[in-house]
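Participant: Okay, here's the structure, questions in a sec.
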Amino acid sequence: MRNLLKNPHLTGWLLASPLALVLLAFLVLPIAMIVVVSFWGATEFSIYPAFLFDNYEFLFGSPVTYSVFFNTFKYAAITWAFTLVIGFTVAYFLAFHVRTLTWQVALFLLCTIPFWTSNIIRMISWIPFLGRNGLANSTLISWGVIDEPLEWLLFSDFSVILAFVHLYTLFMVVPIFNTMMRIDRSLIEAAYDNGASGFQTLTNVIIPLTKPGIMIGSIFVVTLVMGDFITVRFMSGSQSANVGRLISNDIALLQYPSAAATAVVLLATVLLIIAVLLRFVDIRKEL
Amino acid sequence: MTTGQDLELVSLTKRYGEALAVDSVDHHFRKGQYACLLGPSGCGKSTTLRMIAGHEDPSEGSIVLGGADVSWLPPARRGTAMMFQSYALFPHLSVSDNVSFSLKMKGVDAPERRKKAGEMLELVHMDQYADRLPDQLSGGQQQRVALARALITNPQVLLLDEPLSALDPFLRIRMRTELKRLQQELGITFIHVTHSQDEALALADEIVVMNNAVIEQAGPAREVFNAPKTEFVARFLGGHNVIALPHGHFAIRSDKVALTSTAEGRLGGQVIGIEYQGAYVLLTIRAAGDQEIAAIVPEEKYFENPMQQGVDVGLSWDDSALHPVSV
């Protein structure tokens with residue numbers, strides 16, 4: 001036994017095994033299960049094990065699928081753009097304009113305050129604000145900016161994206177801030193010393209060096225938005241759909257094989273997007 | 001002699017809140033000189049350099065270069081260039097792009113930048129590494145690249161912030177020869193901040209010793225070494241003893257202290273330490289008044305008549321070797 005434990009290979013395997021087992025039981029097996037179920041058959045009242053392509057045929061044959069996937073990409077792209085701009089700006093301010101560590105930590109914690117409540121509560125709290133007779137509309141009317149309430153504030157793509165940006169900007173701020181804090185401050189001075197203006201320093205030094213953080217944040221935001229269904233349901237008032245809602249509807253109708261097939265396609269899409277993103281930037285240095 | 005290209009500091013002062021980092025420093029750096037700002041950490045030498053470079057605003061006073069007050073100009077418009085302690089090479093750019101960074105900022109087109117960068121890299125013998133990334137270079141190579149990047153702007157004054165401190169001792173000596181060669185080839189002013197007296201003595205035409213935010217003494221290297229004016233300078237440069245005699249404090253070089261018999265000595269003492277150092281032997285003697293005095297005896301001479309620890313000896317010297325110092 002003692003000799004066995006001295007074998008470095010065995011020790012390595014033993015050390016890695018708890019995590020491997022957890023991942024196997026809670027990640028690999030469920031996904032395998034979903035893949036298997038996606039080939040099963042279903043009738044109105046039953047599902048039965050089989051190896052059929054019916055679910056995929058139906059999925060790819062329906063125009064709804066394409067419009068829903070398009071909608072999902074649209075949400076992901078617009079949310080990504082907004083969270084990137086806001087997240088980068090906030091991180092830049094925290095990392096380069098706030099001089100003392102104490103203030104950096106304090107302001108950073110301030111950014112996390114919304115996370116003290118649940119996602120759903122944060123989402124719902126937009127409703128009284130954006131509603132037809134909500135705070136935003138009544139304020140604008142009382143200022144005389146508009147004459148009648150804006151209809152598109154709530155239950156629209158606008159409110160969905162607003163909620164997404166609100167929910168997920170921090171996932172952009174954190175990795176970007178983390179990368180920026182690792183940039184050697186003398187590089188900024190070196191850029192000034194070489195005649196770079198503030199903007200040139202930003203585009204030639206800070207942004208290229210922040211790319212890994214931007215990439216990690218982008219992966220967070222894109223996967224979260226692609227996989228979300230509850231935000232779209234609440235904020236669009238069930239008027240818009242994304243892939244997540246497609247799956248949840250199927251599940252509500254007990255159409256598990258169809259839901260599984262959609263989930264497999266969604267998973268493949270997200271993995272593909274991440275693979276493409278990773279080709280652009282090497283994030284290994286950040287891990 | 002003053003020429004148009006000299007660098008002058010006029011009661012240059014830097015305060016951080018209450019703390020005084022540089023206290024009304026006046027100095028005149030002549031064109032084409034290799035000057036070393038020497039001092040212990042926290043003496044204000046780096047702050048002075050950073051003010052000259054434009055990375056720190058002076059609280060009071062001015063910096064005059066080539067007859068013009070540059071105190072408030074941005075770093076790149078002063079005619080100075082800085083080489084940073086950690087080299088500050090851009091990790092995402094190739095050696096060539098690093099060197100030509102300032103040209104890119106000026107809007108020079110790519111082929112021209114590459115050509116200029118090539119010339120600069122040749123000057124520092126790094127032309128074959130143009131396409132590498134800084135990470136793929138050794139410390140000494142990175143330093144050459146940093147040097148090329150600073151020189152490509154054609155500065156009148158090159159500012160070096162502890163340029164050799166990140167290198168191993170062997171490379172340090174090689175690079176300092178290189179720095180000296182470059183400075184002589186280019187004929188521009190180098191201002192080199194260091195806390196190593198060896199480095200300063202080896203390189204500098206002029207040594208400026210700083211302590212507690214002020215200049216303690218400035219002058220040609222030999223002059224400062226041979227005739228330190230204050231106890232601090234004598235001790236910081238090393239190789240000196242500061243002894244208290246009835247008529248004041250004096251600095252005397254350790255190699256000018258001779259050992260004699262107790263009767264002949266001008267000062268008596270006891271040998272408390274004997275260190276063999278190769279070419280010479282370093283003896284530590286505790287003299288009257290509890291002063292520790294170091295004496296350097298050439299190796300051959302010492303072993304003609306080796307000593308035991310604890311013996312009483314006399315110390316003597318030539319009066320011309322004594323330099324009065326203020327304490």
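No lab work stands behind these numbers, since they all come straight from the coordinates. What you are looking at is a predicted structure, and each value in this text was computed from that prediction instead of being measured. Every residue, glycine as well, gets a Cβ built from its backbone with ideal geometry; the counts of neighbours run over all protein chains shown.
Participant: Taking +1 at the Cβ of each Lys and Arg and -1 at the Cβ of each Asp and Glu, which of A:P128, B:G44, A:M180 sits farthest along the dipole of the protein assembly as shown towards its positive end, judged by Cα position relative to the Cα centre?
Facilitator: Farthest towards the positive end: A:P128.
Participant: Among A:V22, A:V36, what is the fewest-to-most ranking by other Cβ atoms within 10 Å?
Facilitator: Listed from fewest to most nearby Cβ atoms, that is A:V22, A:V36.
Participant: Additional query: How big is the equivalent ellipsoid of segment B:242-324 along its three axes, where each semi-axis is √(5λ) from the Cα gyration tensor, reported in whole Å from largest to smallest?
Facilitator: Output for segment B:242-324: semi-axes of 20, 14, 11 Å.
Participant: Just tell me which lysines come within less than 29 Å, Cα to Cα, of B:K301; anything on the same chain fewer than 8 places away is out.
Facilitator: B:K256
Participant: Using a Gaussian network model on chain B with a 10 Å cutoff between Cα atoms, which of B:E185, B:E275, B:E18 fluctuates the most?
Facilitator: B:E18
Participant: About the Cα centre of the protein assembly as shown, how large is the charge dipole given +1 on each Lys and Arg Cβ and -1 on each Asp and Glu Cβ? Please answer in debye to the nearest 20.
Facilitator: 1180
Participant: Using +1 at the Cβ of each Lys and Arg and -1 at the Cβ of each Asp and Glu in the protein assembly as shown, identify which of A:L153, B:A213, B:V145 lies farthest towards the dipole's positive end.
Facilitator: Projecting each Cα onto the dipole axis, the largest value belongs to A:L153.
Participant: For chain A, with a Gaussian network of springs between Cα atoms less than 10 Å apart, report the residue from A:T262, A:T139, A:T83 with the top mean-square fluctuation.
Facilitator: Highest fluctuation among the options: A:T139.
Participant: Among DSSP bridges having both ends in the protein assembly as shown, what percentage is antiparallel? Round to the nearest 5.
Facilitator: That works out to approximately 75 percent antiparallel.
Participant: For A:K211, go through the aspartates and glutamates and keep the ones whose alpha-carbon is under 19 Å away, minus same-chain ones fewer than eight residues off.
Facilitator: A:D184, A:D282, A:E286, B:D97, B:D135
Participant: Over chain B, what is the mean sequence separation of C-alpha contacts under 8 Å (at least six apart), divided by residue count, expressed as relative contact order in percent?
Facilitator: So the answer I get is 17 percent.
Participant: Next question, about the same structure. Under a point spin-label approximation (7 Å from Cα along Cα-to-Cβ), what is the B:A279-A:T223 distance to one decimal in nm?
Facilitator: 6.4
Participant: Extension gain A:I124-A:A252, at 0.36 nm per residue separation less the Cα-Cα distance, in nm?
Facilitator: Gain on extension, A:I124 to A:A252, equals 43.9 nm.
Participant: In addition: As a test of the formula, what do you get for chain A when each DSSP H run with n ≥ 4 contributes -39,500 (n - 2.57) and the sum is divided by the residue count, at 222 nm and rounded to the nearest 500 deg cm²/dmol?
Facilitator: It lands at -22000 deg cm²/dmol.
Participant: Only helices at least 15 Å long along their own axis, judged from Cα atoms, and with Kyte-Doolittle mean hydropathy of 1.0 or greater: name those in chain A from DSSP H.
Facilitator: A:8-23, A:63-92, A:101-112, A:157-181, A:207-227, A:256-280
Participant: Taking neighbour counts of Cβ atoms within 10 Å as a proxy for exposure, in what order, fewest first, do B:K180, A:K6 appear?
Facilitator: Lowest count first: A:K6, B:K180.
Participant: List the extent of the Cα atoms of chain A along each of their three principal axes, largest first, rounded to whole Å.
Facilitator: 81, 69, 33
Participant: Straight-line reach from B:K116: which lysines have a Cα under 27 Å away, not including same-chain ones fewer than 8 places off?
Facilitator: Within the straight-line cut-off, B:K116 pairs with B:K31, B:K104, B:K106, B:K180.
Participant: Can I ask one more? About the Cα centre of segment B:7-226, how large is the charge dipole given +1 on each Lys and Arg Cβ and -1 on each Asp and Glu Cβ? Please answer in debye to the nearest 20.
Facilitator: Roughly 540 debye for segment B:7-226.
Participant: So how do A:T72, B:T260 line up by other beta-carbon neighbours within 10 Å, fewest first?
Facilitator: B:T260, A:T72
Participant: Taking only the C-alpha atoms, wrap a convex hull around the protein assembly as shown and report its volume per residue in Å³ as a whole number.
Facilitator: It is 293 Å³ per residue.
Participant: Using C-alpha positions alone, give me the convex hull volume of segment B:167-303 per residue in cubic angstrom.
Facilitator: 151
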